[in-house]
Amino acid sequence: MRVNEKCVGCGQCTAFCKQDAIVVKGNAYITDKCTNCGICAFYCPLKAIEAEK
Amino acid sequence: MKINVIGAGLGGLLSAASLAIEGHEIEVFERLPITGGRFTNIEYHGFSLSTGALHMIPHGSTGPLGNLLKKIGADVEIVPCEPMAMIRIPANGSNNYKSGFKDISFNQFGSQFSMWNRLKLAILLVTTRRWPPKNISFENWIRKYLNEDSAHKTANSFCGWALSLTNRDVPAEEAFEIFENLYRYGGTGIPMGGCKGVTDALVEIIRSNGGKIHTNTEVSRIIVENNTARGVIADGNKHYSDVVISNIGHPFTRDLYDSYTINNAYEEKIDNVKSSAGIKTCLAADEPLIGHNGILLTPYCRRVNGINEVTNTDPNLAPPGKHLVMAHQSVRQEKIDKLEEEIEIGLQDLKEVFPNKKYEVILTQSYYDGWPVNRASSGSDIGNTTPINSLYVVGDGAKGKGGIEVEGVALGVMNTLDIIKQQHR
Ligand SMILES: Cc1cc2nc3c(=O)[nH]c(=O)nc-3n(C[C@H](O)[C@H](O)[C@H](O)COP(=O)(O)OP(=O)(O)OC[C@H]3O[C@@H](n4cnc5c(N)ncnc54)[C@H](O)[C@@H]3O)c2cc1C
Ligand code: SF4
Ligand code: SF4
């Protein structure tokens, strides 16, 4: 998964990631714990998380 | 009547619940899998953090939101903050908290000033409540009448907490309207269950009155014919209705329809809407850091404006024996590309506010632009109607005058309900 420039750092995604794979500080950073399950993307109010191309 | 609502934030849910009770056929469309927008809980490491708000209702159970919730029978308990607010001031006239501090009550605010300024403050508070100042910022008003550094700092932390703005950006008129409302409606309260306690109660009212809420369903277009809203397109399907209520602010609403006649005055107002930005830092502690359920204003911090500890009201917002502490700092527009630095300064502030205390930072959350603290900051609201008939905007991009945060949302919703009643008999 990839975080695009629309991210504001609201932290909503990280609360829904079961792998605890997202670190948030002014912006979301997806760590290598990510399993690409895609759940976080649904919860982002700004459509800032996309599947990697 | 059939009414479609775009967005299940507080504004959308309040409107939908009120109209569902009146017997209208309601459908709410929400893009996210959850309802509540920036006013609900997110569970993180056992703590009930929030999607936005600090679990506080500015005028408690007796303000516009409290009264509207009561009127529509929402099952929410709002506990008053006692004290409403304390102000942390440095010891021995210092300019920071490093060499100690004491907390004084918000009501004793004036006691920090010299005798002469105390007298002036008393007179000013009385006269300005009656004759509010016009065309001057709160900052300049204080400079003119009461040039005390502590007054500047306190006003700034109050504006930062309540509006996520600096006192430079708040018109004095608006600031006094807020003080007036604190007298009129009463002080702050915390809903049991946090923000979610409120928005879930509204969802319950909508559902039990036959209304439908579709989550994971984004509205992609508003159907407009003859300059009148006829419904919405969601998930590729057309949903016709007599009225459309949008909870997503004027600019985003405007992007959802084509208009053949451009209303320049409205377009110009939209361009002038300014959102406010902020950072919320969530802390976990074993022992209370504040010890009461009110706001701790921190005027002598570099960034942090105020802090609360909601577990003093509802212990269930944290795991057993733990406390949830949330600090808010407003962010000036020009600092938005330096958010990490701003967060860092805020964290340093907290170390000075809570020396020798043990706590853990659970999460830092920042808000601006499309997901801000307020879609329209105080003074830049543009009302609930649009140039399109039967299309109304509610929420914190269309608040009522003088109402801060969710109180303004409630005032705007009530105004919209009145207009709908008049226009669509
Ligand atoms: C850090 C912070 C602290 C705050 N603290 C407080 C506080 O303590 N007290 C207080 O009173 N206020 C506080 N506020 C402000 C308060 O949270 C907001 O004013 C309020 O929640 C706004 O509600 P709303 O209904 O206007 O909008 P929102 O909550 O933004 O709701 C809009 C909804 O519409 C949905 N949506 C958007 N586009 C579409 C579409 N095309 N189709 C379908 N759905 C869509 C969104 O997903 C969202 O759910 C705070 C805000 C922040 C960020
Ligand atoms: S939910 Fe979206 S905007 Fe918020 S931090 Fe995560 S990626 Fe960024
Ligand atoms: S894709 Fe799944 S595992 Fe990866 S960050 Fe998102 S929620 Fe977590």
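Can you give me the P(r) profile for the stretch A:2-50? Cα pairs, bins 5 angstrom wide beginning at 0, each as a whole percent. Bin by bin from 0 Å, the calculated values are 5, 27, 40, 24, 5.
With contacts defined as alpha carbon pairs under 8 Å and 6 or more residues apart, what's the relative contact order of chain B in percent? Present the calculation step by step, with values, prior to reporting the outcome.
Numbers: 945 pairs, mean separation 99.9, N = 425.
Contact order relative to length: 23 percent.
Multiplying the residue separation of residue B:147 and residue B:265 by 0.36 nm and subtracting their alpha-carbon distance yields 38.6 nm. Neighbouring Cβ atoms from other chains, within 10 Å of the Cβ of residues in B:365-372, number 6 on average.
For the stretch A:2-50, the relative contact order is 45 percent, taking Cα pairs closer than 8 Å that sit 6 or more residues apart in sequence and dividing their mean separation by the residue count.
Shape index of the stretch B:1-56: Rg/Rh, with Rg the Cα radius of gyration and Rh the Kirkwood radius from the inverse mean 1/r over Cα pairs, equals 1.08.
Given a cut-off of 19 Å, name the pairs among B:280/B:399; B:322/B:358; B:2/B:238; B:269/B:399 whose C-alpha atoms lie farther apart than that in the structure shown.
Details: B:280/B:399 22 Å; B:322/B:358 12 Å; B:2/B:238 14 Å; B:269/B:399 14 Å.
Violating the 19 Å Cα-Cα cut-off are B:280/B:399.
Taking only C-alpha pairs under 8 Å that are 6+ residues apart, what is the relative contact order of the stretch B:332-411 in percent? Reported as a whole number, the value is 18 percent. Seen against the Cα atoms of chain B and their longest principal axis, helix B:172-185 is set at about 90 degrees. Between residue B:359 and residue B:92, the modelled labels are 2.6 nm apart [label points 7 Å from Cα along Cα→Cβ]. Please figure out what share of the DSSP beta bridges in chain B is antiparallel and state it in percent, rounded to the nearest 5. If I count the DSSP bridges inside chain B, around 70 percent turn out antiparallel. Restricted to Cα atoms, chain B shows a radius of gyration and a Dmax of 21.7, 68 angstrom.
Taking Cα atoms of the protein assembly as shown, Rg/Rh with Kirkwood Rh, to two decimals? Numbers along the way, then the final one.
Numbers: Rg = 22.1 Å, Rh = 23.0 Å.
Ratio value, two decimals: 0.96.
Residue order for A:35, B:253, B:298, fewest other beta carbons within 10 angstrom first, comes to A:35, B:253, B:298.
Since every read-out is calculated from the coordinates, none of them should be taken as a lab result. What you see is a predicted model; the values in this text were computed from it and never measured. Note: ideal-geometry Cβ built from the backbone for every residue, glycine included; neighbour counts use all protein chains shown.
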